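The values are calculated or read from the model by the stated rules, or taken from the named source; none is laboratory data. In this text, all values refer to a predicted model and were calculated from it rather than measured experimentally. Note that each Cβ is placed from the backbone with ideal geometry, even for glycine, and that neighbours are counted across all protein chains shown. Heads up: the accessible areas ignore ligands, DNA and RNA and are worked out on the full protein's heavy atoms, side chains in. Shrake-Rupley method; radii C 1.70, N 1.55, O 1.52, S 1.80 Å.
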Amino acid sequence: MDTLLFALNAILPIILLILLGYLLKTKNFLDEGWFKKGNKLVFRVCLPCMLFINVYSIQSFTSINWSVVVYSEIAILAAFFIGLLTVKLTVPDNKQKGVILQCVFRSNFAIIGLTLAESLGGVEGRGIAAVLSAFSIPTFNILAVIALTMFLGGEDGHKADIKDVLIKIAKNPLIIGVVCGLITLGIRSLIPVNADGELLFSLSGSLKFLYDAINNLAKISSPLALVVLGGLFDFSAVKGMLKEIIIGTAARVAVVPFAVIGLAVILSKYTGLINFDATVYPALVALFGSPVAVSSAIMAQEMDNDGTLAGQLVVWTSIMSIFTIFLSILILRALGLL
């Protein structure tokens, strides 16, 4: 019962904020134009600020468990290519292919991952998750731009070429947020410290007014993104895209997490090829077991993909992940890994 309550507490806040947005729209408290503008605000301003703060908040890379980082990155890339094969074989609509592909490999790690990892593994679990976020979030967003671009035709009717994809990656606000965070983090590592071990200059100390402004925008990104998603959600669309919803949801909350975490258990516990202890699995559950990223729907809408399907996938993967996260926790606890 405690495990089920934990899964509910992790996911229900997401569902309730989406429901709030839906009610605000249906009761005509806010109109569709407001939600569309809110969509742009979240994607182009708030989420980049959140990603910048997440990267900038990393204290040190000196004690990184590189085996966890490498395993996670390989798993994300494997999920991408398996998802690519799946959508090519099962999804005829080009505007839906990229959306479902994104759903297969991209989790909601930026918004609920760190909290989920800390709830499962305490400070150590959050620490590993924070390090993974510096690598996985850029990977997610780069692959997402590729996924949402590769199936769409350009103005001449041909598929976008590599140059077009690279330009869209470079211009993507989420990528810009992560890159700015990494640059600032690199500069911070070069700044000398005083006798008390404090940096002589830092964004959060010397330019606190700027840091606080960015941090405040970061704090509203998650709730605002969920409310906007609810306002753009359409229940009547479920029937027309049921097959696509089932494919994307099953892949995101069942196939990928159980395959990746299950393989990690086998390689570590039974073969010794990798050495993952109980501090690692909370981060893996958070990274691969979370529902699809809320920003995936916003990005799909902004990049002329099927934003309606993307929104449906956020909602349904969030609902179904309650049960799959619960099952993952139950199995890992039985194995003594949580």
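I'd like the full set of residues that are touching a strand residue (DSSP E or B) at 6+ places or on another chain (Cβ under 7 Å) and surrounded by 11 or more Cβ atoms within 10 Å (Cβ to Cβ), limited to the stretch 189-204.
Selection gives I191, L199.
Do we have F209 as over 28 Å from V69 (Cβ atoms), of a type in the set (F, W, Y) and either modelled with pLDDT of 90 or more or under 18 Å from the mean Cα position of the chain (by Cα) (or both) here?
Working: over 28 Å from V69 (Cβ atoms): yes; of a type in the set (F, W, Y): yes; either modelled with pLDDT of 90 or more or under 18 Å from the mean Cα position of the chain (by Cα) (or both): yes.
So F209 fits the description; yes.
For the stretch 280-297, give me each residue that is touching a Leu at 6+ places or on another chain (Cβ under 7 Å) and either closer than 16 Å to L313 by Cα or assigned to a loop (DSSP other than H, G, I, E, B) (or both).
Step one: filter the stretch 280-297 for residues touching a Leu at 6+ places or on another chain (Cβ under 7 Å), giving 281-283, 285-287, 290, 292, 294-295, 297.
If the condition is that a residue be touching a Leu at 6+ places or on another chain (Cβ under 7 Å) and either closer than 16 Å to L313 by Cα or assigned to a loop (DSSP other than H, G, I, E, B) (or both), then S290, V292, V294, S295, A297 are the ones that fit.
Among the residues of the stretch 320-338, write down those that are assigned to a helix (DSSP H, G or I) and open to solvent by 50 Å² or more (accessible area, probe 1.4 Å).
Residues of the stretch 320-338 that are assigned to a helix (DSSP H, G or I), as a first pass: 320-334.
Selection gives M320, F323, F326, L327, L330, I331, R333, A334.
Given the options D304, D277, name the one that is closer than 30 Å to F35 by Cβ and outside any helix (DSSP H, G or I). Spell out the reasoning first.
Values: D277 fails: closer than 30 Å to F35 by Cβ.
So the residue among D304, D277 that is closer than 30 Å to F35 by Cβ and outside any helix (DSSP H, G or I) is D304.
Collect the residues in the stretch 43-70 that are at pLDDT below 80 and either in a helix (DSSP H, G or I) or open to solvent by less than 70 Å² (accessible area, probe 1.4 Å) (or both), keeping them in residue-number order.
So the first thing to find is which residues in the stretch 43-70 are at pLDDT below 80, and the list is 54-55, 57-65.
Listed by number, the residues that qualify are N54, V55, S57, I58, S60, I64, N65.
Report yes if G262 is touching a strand residue (DSSP E or B) at 6+ places or on another chain (Cβ under 8 Å) and either open to solvent by less than 30 Å² (accessible area, probe 1.4 Å) or at negative phi (or both), otherwise no. Steps first, answer last, please.
Working: touching a strand residue (DSSP E or B) at 6+ places or on another chain (Cβ under 8 Å): no; either open to solvent by less than 30 Å² (accessible area, probe 1.4 Å) or at negative phi (or both): yes.
When the stated conditions are applied, G262 does not pass them.
Quick check on this structure: which one of L101, L85 is out of contact with any Gly (no Cβ under 9 Å at 6 or more places or on another chain), closer than 22 Å to I245 by Cα and part of a helix (DSSP H, G or I)?
L85
I want to confirm something. Restricting to the stretch 16-42 and keeping residues that are open to solvent by less than 40 Å² (accessible area, probe 1.4 Å) and under 18 Å from the mean Cα position of the chain (by Cα), which single residue is modelled with the highest pLDDT?
Here the residue is V42.
Return a yes/no flag: does the stretch 284-301 have any residue that is within 17 Å of the chain's Cα centre (by Cα), open to solvent by 20 Å² or more (accessible area, probe 1.4 Å) and not hydroxyl-bearing (S, T, Y).
Quick first cut of the stretch 284-301, residues within 17 Å of the chain's Cα centre (by Cα) only: 284-301.
Next cut, open to solvent by 20 Å² or more (accessible area, probe 1.4 Å) only: 301.
Narrowing further to those that are not hydroxyl-bearing (S, T, Y): 301.
Taking every residue of the stretch 284-301 in turn, at least one turns out to be within 17 Å of the chain's Cα centre (by Cα), open to solvent by 20 Å² or more (accessible area, probe 1.4 Å) and not hydroxyl-bearing (S, T, Y).
If you check T279, T249, which single one turns out to be surrounded by 15 or more Cβ atoms within 10 Å (Cβ to Cβ) and more than 27 Å from G21 (Cα to Cα)?
Going through T279, T249 in turn, the sole match is T279.
Just to be sure, is L217 open to solvent by 40 Å² or more (accessible area, probe 1.4 Å) and free of Cβ contacts under 8 Å to residues at least 60 places away in the same chain? Steps first, please.
Values: open to solvent by 40 Å² or more (accessible area, probe 1.4 Å): yes; free of Cβ contacts under 8 Å to residues at least 60 places away in the same chain: no.
Spelling it out, it is not the case that L217 is open to solvent by 40 Å² or more (accessible area, probe 1.4 Å) and free of Cβ contacts under 8 Å to residues at least 60 places away in the same chain.
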